[in-house]
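The values are calculated or read from the model by the stated rules, or taken from the named source; none is laboratory data. Note that the structure is predicted; figures quoted are calculated from it, not measured. Every residue, glycine among them, receives a Cβ derived from its backbone with ideal geometry; neighbour counts consider all protein chains shown.
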Amino acid sequence: MKKSFTKYIVVAAALASLSLAGMKLAVAQNTSTGVKVPCVGCSPDGKTTPRMADGHPDFNGFWGGGGGGGNHIAGETADGSKLFDFGGADIDDKGQTRSSKPGEESPGWTIGSAKPEDNPPYKPEYYAKVKAVAEETYGAANRNDPNLDCKPAGVPRGSFGQMHIVQTPQAIAVLFENAENTRIIYTDGRSHPSDLDTSYMGDSVGHWEGDTLVVDVAGLNDETWLAGSFGAPKFAILHSDKEHVIERWRRDGDVLNYEATVEDPVMFTKPWVIKPRRVRHNPGDDYLMQFHCITDDKGHIVVPTKTDPFLCNWGPQCVTTKNDTSHISH
């Protein structure tokens, strides 16, 4: 643990030093036309993708702040107020899941979806265990969720969302309000270590394919969930320590797009392709808040019963589905 901690301190210091030069070059390039850039990593007009000095898209800055289209965390009503429906454009005005138009990508997760295409393709012996865990979900809470013990969320669950990115040619640091989810994506051409130990967030190495950052994530332990809580596929839960993830990050103007394919030869019958996710670049007045995780008292988390199988407990925009709880004994 000491060796690992020291490693991250050294890397963080190096990134901080490199980021100053990288940001200055990027800002200089993006302002060469005389257009004032309002913040680090901002697009001059919201549509043009800013670039680093090396020509790659600029991912720097704060992502996911505020509301509006493209933000997978919150929507915005006609009067400008924030609507925290945790489903974005996937949820209609009655709080029901709605399908995307033909040929249109979904802007985010589908709340509680049990559709086979939305969930990992578990082998039968593992699906039974996953289903039993999922049936203990009440509203958006499940007492088995490892996040309640302040464990990092893992990949892909904790790899993308409200975050601050610091980009250099050698590495990209992704910082979350949940400090345990900090990631470093190495882009200096290295491979995964030959003696890689498993960890919550794994080891990430990336390379550029045109304007798309392709990230290979390995060395993930089996102590996290694939998803969970708001907006998660119902059965995207367990995985083995053989999980392997390929991510694709692409910036279009002020929108950052994320796709991921998850492989698990132990539990899956085939790779699982998650629904595309995206967030917007913050205009400049938002920032990461310091967050200290406190373990929850899981003994008081409600579980479904035959008479009360589900509680829609996160506001007016919600889904009131009937869970099959006939197998649960109380």
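When the residues of the stretch 249-279 are filtered to those that are assigned to a loop (DSSP other than H, G, I, E, B), closer than 28 Å to PRO116 by Cα and among the charged types (D, E, K, R), the one that is nearest to the chain's Cα centre (by Cα) is LYS275.
One line per residue, one yes/no per condition, for (1) in contact with a Leu (Cβ under 7 Å, 6 or more places away or on another chain); (2) of a type outside the set (A, V, I, L, M); (3) without any contact (Cβ under 8 Å) to a residue 12 or more places away in the chain; (4) surrounded by fewer than 22 Cβ atoms within 10 Å (Cβ to Cβ):
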position: VAL155; (1), (2), (3), (4): yes, no, no, no
position: GLY158; (1), (2), (3), (4): no, yes, no, no
position: VAL166; (1), (2), (3), (4): yes, no, no, no
position: ILE172; (1), (2), (3), (4): no, no, no, no
position: ASN178; (1), (2), (3), (4): no, yes, no, yes
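Residues of the stretch 185-205 that are buried (at least 18 other Cβ atoms within 10 Å of the Cβ), in contact with a Ser or Thr (Cβ under 9 Å, 6 or more places away or on another chain) and part of a strand (DSSP E or B): ILE185, TYR186, SER204, VAL205. Of all residues in the stretch 111-124, those that are at pLDDT below 80 have Cβ atoms under 8 Å from Cβ atoms of residues that are surrounded by fewer than 20 Cβ atoms within 10 Å (Cβ to Cβ), 6 or more apart or on another chain, in ILE111/THR97; ILE111/PHE230; ILE111/VAL319; GLY112/THR97; GLY112/VAL319; GLY112/THR321; SER113/THR97.
Taking the criterion of being touching a residue at least 40 places away in the same chain (Cβ under 8 Å) and of a type in the set (Phe, Trp, Tyr), the only residue of the stretch 180-201 that qualifies is TYR200. For the stretch 137-160, a residue qualifies if it is modelled with pLDDT under 85 and either within 23 Å of TRP272 (Cβ to Cβ) or part of a loop (DSSP other than H, G, I, E, B) (or both), and the qualifying residues are THR137, GLY139, ALA140.
Given the condition crowded, with 16+ Cβ neighbours inside 10 Å and either assigned to a strand (DSSP E or B) or free of Cβ contacts under 8 Å to residues at least 24 places away in the same chain (or both), answer yes or no: does some residue in the stretch 280-296 qualify? Within the stretch 280-296 (the criterion being crowded, with 16+ Cβ neighbours inside 10 Å and either assigned to a strand (DSSP E or B) or free of Cβ contacts under 8 Å to residues at least 24 places away in the same chain (or both)), the answer is yes, since at least one residue qualifies. Could you tell me whether THR261 is farther than 18 Å from SER159 by Cα and among the hydroxyl-bearing types (Ser, Thr, Tyr)? Against the criterion (farther than 18 Å from SER159 by Cα and among the hydroxyl-bearing types (Ser, Thr, Tyr)), THR261 does not qualify.
Within the stretch 167-211, being within 17 Å of HIS244 (Cβ to Cβ) and aliphatic (A, V, I, L, M) holds for ILE185, LEU196, MET201, VAL205.
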